[in-house]
Amino acid sequence: MISYKELGLVNTRDMFSKAMKGKYAVGAFNFNNMEQMQAIISACVETKAPVILQVSKGARDYANINLLRNMARGAVDYAHELGCDIPITLHLDHGDSFKTAKDCIDNGFSSVMIDGSSLPYEENVALTKQVVDYAHEHDVTVEGELGVLAGIEDEVSSAVSHYTRPEEVVDFATRTGVDSLAISIGTSHGAYKFTPDQCTRNEEGILIPPPLRFDILEEIEKQLPGFPIVLHGSSSVPQEYVKMINEHGGKLADSVGIPEEQLRMAAKSAVCKINIDSDGRLAMTATIRRIFDEKPAEFDPRKYLGPAREELKKMYMHKNIDVLGSAGHALD
Ligand code: G3H
Ligand code: 13P
Ligand code: ZN
């Protein structure tokens, strides 16, 4: 058993209570490799923001749990070396079973998600409670989920979404003891969230997708005052990256993400954690494609991964400052 406390990591309890009071959300950024981790940490140190390093089941399979844990330990030292001891959480994203969650808790994770959202309600309650009971023995925090997002949830693909039912949230939170709750109010996973046909155009010709269901969020806040809420599927699919990818040999279909202003609004509410993965994938891919196209003779991975890491860092800084509002809150 390796406790996250030995690694210098923190759980989300304090982080979320400060985010709630300060009316901002903490960025939960997925990572699978060293360059992504470096970009996340350097961006969060430079903007003095707390951060959640998020590991999916796919990332565990790709990168190995021992390496990931040691990278997170390294992230704590790296932040210190860069000059700011920002709070860092190592979180399991979309845990699919008690076994996976336990394995992460036993291997230095400070927070886990158990995603029983596709199960019948009572089974979701039972599974989530089982994880909470074990996690809390080790002072690890747990995120549960109610409602189903469209798109790809880790390895579970869901074509049919349904919004969170506010009438279920009190019963779920009370019976499971979860520390935070992921909800479904119109976000979805992946780079293909809304097609242009599903959007309207504003005066500047920019495609605007259907707004998030802030009415449902408000009702949930009424039911569970002061309870930390999580938004998954919150990439904005920056059009400059989509364009760059397609200009340099890529073939992405037209797609529209969640407008940043809507996420800014959500971050001011009980939403304390906002998950962003796809935007990072787009930023990295766009930079690497540009370099491959412009310098076809280049074959030193540092010459394309380095600039990709720089672009990622810029993007995470922008999220912390302009979208989540977490910048400047690391030492609250
Ligand atoms: O919600 C899912 C995350 O974006 C992780 O995706 O399973 O491909 O690592 P992944
Ligand atoms: P995006 O695909 O919108 O980045 O969402 C990521 C996510 O929710 C990870 O859990
Ligand atoms: Zn997710």
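The values are calculated or read from the model by the stated rules, or taken from the named source; none is laboratory data. What you are looking at is a predicted structure, and each value in this text was computed from that prediction instead of being measured. Cβ sites come from the backbone with ideal geometry, for glycine too, and all protein chains shown count toward neighbours.
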Would you say Asn70 is exposed (fewer than 14 other Cβ atoms within 10 Å of the Cβ), out of contact with any Leu (no Cβ under 6 Å at 6 or more places or on another chain), more than 20 Å from Asn275 (Cα to Cα) and free of Cβ contacts under 8 Å to residues at least 24 places away in the same chain? yes
Ile258 being surrounded by 15 or more Cβ atoms within 10 Å (Cβ to Cβ), within 19 Å of the chain's Cα centre (by Cα), of a type in the set (A, V, I, L, M) and part of a loop (DSSP other than H, G, I, E, B): yes
Has segment 234-247 got at least one residue that is in contact with a strand residue (DSSP E or B) (Cβ under 6 Å, 6 or more places away or on another chain), at pLDDT 95 or above and either buried (at least 24 other Cβ atoms within 10 Å of the Cβ) or not acidic (Asp, Glu) (or both)? yes
When you go through (1) of a type outside the set (Phe, Trp, Tyr); (2) within 16 Å of ligand 3 (Cβ to nearest atom); (3) in a loop (DSSP other than H, G, I, E, B) one by one for Met113, which number turns out not to apply? (3)
Within segment 10-35, count every residue that is surrounded by fewer than 24 Cβ atoms within 10 Å (Cβ to Cβ), in contact with a helix residue (DSSP H, G or I) (Cβ under 7 Å, 6 or more places away or on another chain) and in contact (Cβ under 8 Å) with a residue 60 or more places away in the chain. 2
Residue count for segment 52-109, restricted to those that are of a type in the set (Phe, Trp, Tyr) and within 16 Å of ligand 2 (Cβ to nearest atom): 2
In segment 261-298, residue nearest to the chain's Cα centre (by Cα) [restricted to those that are among the aliphatic types (A, V, I, L, M) and under 14 Å from Pro238 (Cβ atoms)]: Ile276
